[in-house]
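Remarks on the structure that follows.
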C-alpha cells in the first residue's frame, strides 16, 4: 500500500479504517485515565523506555570513567553512577520491562479475554510505578545515592551521606506496582481463558507470565518490608540491623536476597516466554517438549526462592549452609538448560526465516547459554570465593540481564510492534541494530569475565593500571552498544507514524493475538474465540481454530 | 466503552471484561486471596526476622515482653475478634438479602470496634511506652534493672513498634474502605447476587485480625510473666 | 611469509603477556582453584559452541524455501528430553562435588598456622603481627607458612581479598571472621577490598609481600618493634585499670583471667561457653551480655574507649596468660 501521502495535521494517516484502541480517543485524559490494558501497556512502555535511557546514560558515564585507571570523575560521583544505574535498571526497567509492557498488552489477547480481570488496579499499578520512579528520580537530582543497588547495611543505614531514604522509598513503592501486576495476571490467567483454551494449550509466554507473577506476589513483599525497615532505621538511627543493639547487618542481606535472587528470574522468565513465541513463529514449528518448557518455568520460580544464600558464600556463612545453597543453585540451572535444548530442537526441520525478532531470539539463546554456564562458576563454592565481588559477577549477570532479558525484550517488541501499533518498522535497520547490539554487547562484557578472574573488584572508581586494556575494550564495546540501542528508538518512533500498515498477522504467526486486527479494537475480540487447537499448531494437526 | 457486552449484562455492577457475573465474582474473590498471599509474605519477612532475634536474645525479649501491658493487649484482642464477628454479620446479612441498612449497621459497628482498638493502642499503650522511654529512636532508656540482657531490649521494642505499627496501618487503611463500602450498602448496592466488594473487604479485615492473633502471643505473652513455670 | 607468521606469533605472544588470563598463582590452593576454573571454562566454551553451532547449522540447513512453506510436525521425544535433563544434572553434580570438596578442604586452617590480625576501617587495612608490628595497607608474610587471619571491622562491611591466593572473606563489624592461606611464591601481590564500603572503596587496596623465611625474620627484627601484641595488650590492661577487678585472685570482683583462654565457662543460665576471641571481645564491648554465676554484672562497657585493634591486643594478652598461672576461678 502506498501510504506516505501528505497528511492532515493532527490526523492519522488515512490508511487505518477500523476503530482501534489507539484512535478511539486522542485526548490526554483518555490516556491518563484509561483502563484498557493495551493503553496501560503503552504508558508503561514509554515510562520504562525513559528509565532505560536514564539508567543507560549512567552506564555510559561509568564506562567513560573507567577508560583511565585514575578515573575521570571523583570516586563519590562514580559510586553514585553505578548505584543509580543499578537501582534504575533493576527496579525500574528490568523488573517491569516485559511483564508490564508486553505482558500487559498480550496476556488478555493471548488468552482470548477482553481485558485483565482488574483494569482499574492495572492503571493504579502504573501510577504507583510513576510515584516510585518520581521518588527515585528525586533522589537522583537531589544529590544521588551511593550505597550500591544492594543497599547493604550498615553502610546504607548509618554511614552513607546520600539520599538513601527517598531511593529506598522509591523501591518500596514501585514494588507494589509489581505486586498488583502479578495479582492481575494470576487471576486473569486462572479465570478468564477463552473456552477451549486449556492450561496445556496456553502459549508458553502465558506460562512464563504466570510463573513470574508468582514471584511478584511471594517475593516482592519481602523486599518491600526490607526497604521499609532500612528507611526507618536510617530515619530513627536505631533498628533491627543495627549492631549497637545486637542487630545483625547480615540479616539485611538474607532478606534482601530472598527477594532479589528470585527477582533475577522475574527478569529472565518473561524473556524465556518471549523466546518460545519467537522461535516457534519464525521456524513455523510446534515447540519441542511443550510440557518440559512449561514446567521448567515453574521449577525455576520455586527453586529460585531457595538459593538466595549463594550471594553470601564469603560472608562467613557456615560451611553447611554454603553446601546446601550451592547444590540448590546447581539445581536451578537444570530447568534453564532444558529450555535452551528445547528451543534449539524446535529449529530442527523447521522453516526458518531471519527477520529481526528471530535474530534477537537466536542471539538470546547463545548469550543466555553463556550467562547460565558462567553461573556455574559462582554456584561452585571454591571458585565463587575467588570470583565473588569481582567483575566476573558483573559480566555474568549482564549476560543474563542484558544478553538475555534485554535481548528478549527487544525481540518481543520487534515481534509484536506491528500488533501494538499496526505499523511495520524497516526490517533491514532492525537487523542491523540487532547485529550492532550483539557485537557491542559481547565486546562490553566478555572482557569483564577476564577482568574478574584477574581479580579486579567491582564498584572500583579507580583501579590498578594493569587492568586498563580490558577496561578500554569494555568501554569501547559500551559505546557501540549505546548506539545499538538508539537505532531502534529512532525507527520505532518513525514507524509509529510513517511505517507501512502491518495487517493483522504480518509474520504468519499462530496465537489468538494475531487473529485480531492490528492495532486491536478496545474490546480485543468482537466475539470471544473458541479454541480447538494446541499452541503453535503450524502444521494444523490438532484441528481448526474457529473465529466468531 | 462501559458496556461492550450488554448482551451479557445481568447486573448493574457487571464489568465489561467478564463473561458473566459468576466469573466476575470468582475473579474478585480469587484476586483477594492472591492479595492476602502477598500480605502473608509482607508480614512474613518481619516475622522471620523476629524469630531469628528471639532465638538469639531470649532473655531480652522476655524482659521486653513483660514490660508490655497484657491487659490492653488482651482487651484489644477481644475487641478485634468482635469486629470480625460484626464484619461477618454484615456479609451474612447481604447474602441473606437483608436491607442495606442492616449491612450498614454491622459495618459501622466494625468501624467503631476498629477505632476502639486503635484508640487503646495509641492513647494508652504507645503513649505509656513513650512516657516510660520505651520507644527506640525517641529517647529509649536502658534500665539497670534489666541487667545483662538489657542491651538487646531495644531490639524487642523495634519489633514491637514495627509489627504493631504495620498492623495498625493496615487497620487505618481498612477503616475508610469499610466506610466506602458502607455508603454503597446504604445505597442498597449489595444483595444476594452481588456482594463481592463486601466479601473482599471482609476477607481483608479477617486477615488483619488473624495477624493480630499471631502478634498478641509473640509480643505480649512470650515473657511468660503469667505462667508460674520457667521462673528465670 | 615466515616473517609474517613470526610477526603474528610474536604479536600474539605480546598480547598474551599484556592480557594474562589468570592472576599470579601464589598460594597452596590457587592451582586447585584454577584447575576447576579451567574445567568450567572449557565446559562453558564447549556448550556455547555446541548451541551456537547447532543454531547456525539449523539456520542454514532449514532456511525457509518459500513463503508458504509449512514444515511437518516433529513429535516430542521423551528420550531426548530425559537425556538433556539427566546429563546436565550429572555434570553439575560432578562440579558440585569437586568444588565443595575443595572448599571444605580449604575452610579449616592447619593447626600449625601463625595468627595475624586484620581490622578494616574506612578506607584502610590495619594489620597486626603477633610480634607487635603494625602495618597499614601492607602485609608481610613468610613463604611456606600457613597464616590464619582473624578479621573484624570498625565500621561497615569490608572484604579482604588477595586474588593471587584465591582467598576472600567479608570483614564484618561486630564479629570475627577468619581466613587462611599459605603462600608458595615470593613476590608482591594485590590486596583488595571486595565489598563496597563507601567513597574510597577503590582506594582501600594494598600489597601483600611474600618473603623468604630469612627475609621475613630480618624484616621482623628490623621493624620498629617495641612490644608484642600481648605486651601491648598487657599495658592497655593496666592503663584501663582492668586489674583492679580482674586481680587474679578468686576474691576479685571479676574472674581471674589466668589460663582462662580456651576453657569452658559456665554461664548463669547454665549454658557453657568456650572462652575464645568472640567471647572476650563481647566481654569488653558488651560485658552485661555475659552473666557469670558468681559475679555481679558491674563491669562497665569499654566500647568507644578501645578500638578493634586494641581489643585484639587485649585478647592476645589474655591468651598469653598461661595456664601455669591458672587459679581456681569462677567456679
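The values are calculated or read from the model by the stated rules, or taken from the named source; none is laboratory data. This is a predicted model, so every value here is computed, not measured. Here the Cβ is made from the backbone with ideal geometry for all residues, glycine too, and neighbour counts use every protein chain on show.
Here are the numbers for this structure:
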| quantity | calculated |
| --- | --- |
| Residue check, residue A:400 in contact with a helix residue (DSSP H, G or I) (Cβ under 7 Å, 6 or more places away or on another chain), assigned to a helix (DSSP H, G or I) and more than 14 Å from chain C (Cβ to nearest Cβ) | no |
| Matching residues in the stretch C:294-313 - criterion: being farther than 27 Å from residue C:171 by Cα and in contact with a helix residue (DSSP H, G or I) (Cβ under 7 Å, 6 or more places away or on another chain) | C:297, C:299 |
| Residue satisfying all of: in the stretch A:417-460; touching a strand residue (DSSP E or B) at 6+ places or on another chain (Cβ under 7 Å) and either assigned to a helix (DSSP H, G or I) or under 30 Å from residue C:33 (Cβ atoms) (or both); farthest from the other protein chains (Cβ to nearest Cβ) among these | A:452 |
| Flag if residue C:101 is part of a helix (DSSP H, G or I), surrounded by 12 or more Cβ atoms within 10 Å (Cβ to Cβ) and facing chain A (nearest Cβ under 8 Å) | no |
| Matching residues, the stretch A:425-470, being in contact (Cβ under 8 Å) with a residue 12 or more places away in the chain, surrounded by fewer than 20 Cβ atoms within 10 Å (Cβ to Cβ) and over 30 Å from residue C:203 (Cα atoms) | A:426, A:427, A:429, A:431, A:432, A:435, A:436, A:439 |
| Members of the stretch A:303-327 found to be more than 11 Å from chain C (Cβ to nearest Cβ), assigned to a helix (DSSP H, G or I) and touching a residue at least 40 places away in the same chain (Cβ under 8 Å), listed by number | A:304, A:305, A:308, A:309, A:310, A:311 |
| Residue count, the stretch A:328-353 (criterion: within 30 Å of residue A:251 (Cβ to Cβ) and more than 7 Å from chain C (Cβ to nearest Cβ)) | 6 |
| Matching entry among A:269, A:278 (being within 14 Å of another protein chain (Cβ to nearest Cβ), within 22 Å of the chain's Cα centre (by Cα) and surrounded by 24 or more Cβ atoms within 10 Å (Cβ to Cβ)) | A:278 |
| Strands (runs of 3 or more DSSP E) completely within the stretch C:136-224 that count 2 or more residues being more than 7 Å from chain A (Cβ to nearest Cβ) | C:138-142, C:146-153, C:158-162, C:177-182, C:187-193, C:206-211 |
| Conditions (1) in contact with a helix residue (DSSP H, G or I) (Cβ under 7 Å, 6 or more places away or on another chain); (2) within 29 Å of residue B:58 (Cα to Cα); (3) buried (at least 18 other Cβ atoms within 10 Å of the Cβ); number of the one not met by residue B:129 | (1) |
| Subset of the stretch C:60-75 (residues that are out of contact with any helix residue (DSSP H, G or I) (no Cβ under 7 Å at 6 or more places or on another chain) and at the interface with chain A (Cβ under 7 Å from one of its Cβ atoms)) | C:63, C:64, C:69, C:70, C:71, C:72, C:73, C:74 |
| Close pairs (8 angstrom Cβ cut-off, 6 or more residues apart or separate chains): part of a loop (DSSP other than H, G, I, E, B) in the stretch A:528-542, loosely packed, with under 14 Cβ neighbours inside 10 Å and at pLDDT 90 or above anywhere | A:528/A:195; A:531/A:195; A:534/A:200 |
| Of all residues in the stretch B:45-62 being in a helix (DSSP H, G or I), closer than 13 Å to residue A:248 by Cβ and more than 24 Å from the chain's Cα centre (by Cα), the one that is farthest from the other protein chains (Cβ to nearest Cβ) | B:55 |
| Matching residues in the stretch A:184-208 - criterion: being in a helix (DSSP H, G or I) and either within 14 Å of chain B (Cβ to nearest Cβ) or surrounded by fewer than 24 Cβ atoms within 10 Å (Cβ to Cβ) (or both) | A:184, A:185, A:186, A:187, A:188, A:189, A:190, A:191, A:199, A:200, A:201 |
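Every residue, every condition in (1) modelled with pLDDT of 85 or more; (2) closer than 29 Å to residue C:141 by Cβ; (3) crowded, with 21+ Cβ neighbours inside 10 Å, yes or no:
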| position | (1), (2), (3) |
| --- | --- |
| C:195 | yes, yes, yes |
| C:200 | yes, yes, no |
| C:225 | no, yes, no |
| C:233 | yes, yes, yes |
| C:243 | no, no, no |
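This table checks each residue for (1) at pLDDT below 90; (2) closer than 30 Å to residue B:23 by Cβ; (3) within 24 Å of the chain's Cα centre (by Cα).
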residue	(1), (2), (3)
B:133	yes, no, no
B:140	yes, no, no
B:155	no, no, yes
B:164	no, no, yes
B:180	no, yes, yes
B:195	yes, yes, yes
B:221	yes, no, yes
B:231	yes, no, no
